[in-house]
């Protein structure tokens, strides 16, 4: 396991910095924060010089000392104001970065290939996109706004101490760095290993809890409310346990931080205190050195935070690495522009993992004709539609459209040729109007939408609910399965793509309603290429070509009448549907 993590680490770093760059950095605000931080560092150096000068001065009375003291006060206030200002701007910068990183990560997810998206639980992906991406902002803000000023101050401070010609002061000041960095390294390792595990557990447990809530209807139907409440409480207890583990990690880091404050302070104070007692160093020099050295310790200690931010961000990016590094459909080479024509499968094979779904399948879907795919469940029909939509790639073989290999076609241009209606006819939160216009670049007038609702038989059902302004709920849950399928048909009617793919698009309707809707689909698809996976064979008896599948193999190809005479499997399907 450790070897695997070591091998993955270079990819994590590459993905991490690549993500930051591609997300888009707010350069102007970053530069402003950087300049203010540089100003604060310079003011701190100037204050250490002025303190030594002021304390060495001989003043006859308070009036003579008032101006130098006011200068020191002004410098101190300037340092405080610059610190407050840069902290405020860093808060704005962090928020902007979080937003940009999340936008980039979400964009990456939506352009992933379907096979890569299906590797993870959707809820876990959402957790990664919202929580893990935010962890990167703290690191990049601290790095861009504070790191160079910190290094500048530390170098200048060492130069100033060297100029005192005291090897003991120089050595103890330099020794502050490894002490603090040792603490930073230890803290970073603890954070990376433990935070990574904790965040993974939180994402998994959150997904389990959401799953219970999503399936509340099933839970109620079996009267398992109390059982699932208990199960939910177990998840909550596990979440609490995981968060307490995180609190322990925070406490360990807090202890390390406090030690990194105390140990360097001893290194800083003891040598000059000895010099002061021996008379080697004056009080003015002592106070000036202490201010310089403690500021040096503070700046060096901030590297501890930077290291923790880095390791925390790296841990978060490790969880996002599979998403960020997976091939994007946007990266596909646009070798040819797709054009309409016959869709042809040439000796196509396809497997889900070790399970072979399609075996040496060859057929032609003629342009402008109606073709139907039939067969028992699991025979590979829906897989064919997924391959046509380029959701997956064949294991072997080739699919062409108009003589062009579809694997070489641009995804967006290719998919614009199709209207795809899956079996479950999913919807999204919003109004009926938004659902109907989902596939359209330009919204249709309400009059057109209402006419389509009448055609598919939804107008009367929804007229008392507000029609186009009706809120359909999460995933269209306030519509029945049949109503969602009719909504899908309505979108199909509104579309103008040359190809229409239907995956059991009327399965939630009764036999008569299914025939009525199919007739409406056939009318709207005149002149278009229609490919339909059918559970009700009566909806496809008029197809120009019917393809019969069994266990991933094409065993029948012909019209309804031809197959009744030549294909026993088709005869059996017809008999079962009668």
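Brief remarks follow.
- For the range 539-554, the candidate set comprises residues that are touching a helix residue (DSSP H, G or I) at 6+ places or on another chain (Cβ under 6 Å) and surrounded by fewer than 20 Cβ atoms within 10 Å (Cβ to Cβ); within that set, the residue that is farthest from residue 421 (Cα to Cα) is 550.
- Any chance residue 321 is touching a helix residue (DSSP H, G or I) at 6+ places or on another chain (Cβ under 6 Å), assigned to a helix (DSSP H, G or I), modelled with pLDDT under 70 and assigned by TED's automatic domain parsing to the domain that holds residue 249: yes
- Residue in the range 382-404 that is assigned to a loop (DSSP other than H, G, I, E, B) and closer than 22 Å to residue 567 by Cβ present: no
- Residues of the range 251-260 that turn out to be surrounded by fewer than 16 Cβ atoms within 10 Å (Cβ to Cβ) and touching a helix residue (DSSP H, G or I) at 6+ places or on another chain (Cβ under 9 Å), as a count: 2
- Residue tally, condition out of contact with any helix residue (DSSP H, G or I) (no Cβ under 6 Å at 6 or more places or on another chain) and over 11 Å from residue 468 (Cα atoms), over the range 431-444: 6
- When residues in the range 101-112 are screened for being assigned to a helix (DSSP H, G or I), more than 11 Å from residue 136 (Cα to Cα) and touching a residue at least 12 places away in the same chain (Cβ under 8 Å), 6 of them pass.
- The set of residues in the range 555-578 being in a helix (DSSP H, G or I) and in contact with a strand residue (DSSP E or B) (Cβ under 8 Å, 6 or more places away or on another chain) consists of 560, 563, 566, 569, 570, 573.
Residues are listed down the side, and each one gets a yes or a no for (1) assigned to a helix (DSSP H, G or I); (2) closer than 30 Å to residue 171 by Cβ; (3) outside the structural domain of residue 201 (by TED's automatic domain parsing):
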residue: 230; (1), (2), (3): yes, no, no
residue: 237; (1), (2), (3): yes, no, no
residue: 245; (1), (2), (3): yes, no, no
residue: 268; (1), (2), (3): yes, yes, no
residue: 276; (1), (2), (3): yes, yes, no
residue: 281; (1), (2), (3): no, yes, no
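- Scanning the range 352-365 for residues that are in a strand (DSSP E or B), within 32 Å of the chain's Cα centre (by Cα) and either crowded, with 16+ Cβ neighbours inside 10 Å or without any contact (Cβ under 8 Å) to a residue 40 or more places away in the chain (or both) yields a total of 3.
- Residue within the range 234-249 that is at pLDDT below 70 and surrounded by fewer than 17 Cβ atoms within 10 Å (Cβ to Cβ) present: no
- Residue 563 vs. criteria farther than 19 Å from residue 388 by Cα and surrounded by 15 or more Cβ atoms within 10 Å (Cβ to Cβ): yes
- Taken over the range 432-461, the criterion of being under 18 Å from residue 476 (Cβ atoms), within 28 Å of the chain's Cα centre (by Cα) and assigned to a loop (DSSP other than H, G, I, E, B) is satisfied by 437, 438, 439, 440.
- Taken together, the residues in the range 394-415 that are in contact with a helix residue (DSSP H, G or I) (Cβ under 7 Å, 6 or more places away or on another chain) and either outside the structural domain of residue 366 (by TED's automatic domain parsing) or exposed (fewer than 14 other Cβ atoms within 10 Å of the Cβ) (or both) amount to 0.
- The listed residue being surrounded by fewer than 20 Cβ atoms within 10 Å (Cβ to Cβ) and touching a residue at least 40 places away in the same chain (Cβ under 8 Å), out of 481, 488, 466: 481
- Checked against (1) over 14 Å from residue 437 (Cβ atoms); (2) in contact with a helix residue (DSSP H, G or I) (Cβ under 8 Å, 6 or more places away or on another chain), residue 492 passes all but a single condition, namely (1).
- The condition (being part of a helix (DSSP H, G or I) and over 19 Å from residue 343 (Cα atoms)) is satisfied by just one residue among 429, 464: 464.
- Being surrounded by fewer than 19 Cβ atoms within 10 Å (Cβ to Cβ) and either modelled with pLDDT of 80 or more or part of a loop (DSSP other than H, G, I, E, B) (or both) is a property that holds for residue 507.
- In the range 28-80, the residue that is surrounded by the most Cβ atoms within 10 Å (Cβ to Cβ) out of those that are assigned to a helix (DSSP H, G or I) and at pLDDT below 75 is 55.
The values are calculated or read from the model by the stated rules, or taken from the named source; none is laboratory data. Quick caveat: nothing in here was measured; it's all calculated off a predicted structure. Heads up, the Cβs are rebuilt from the backbone with ideal geometry, glycines too, and the neighbour counts pull from every protein chain shown.
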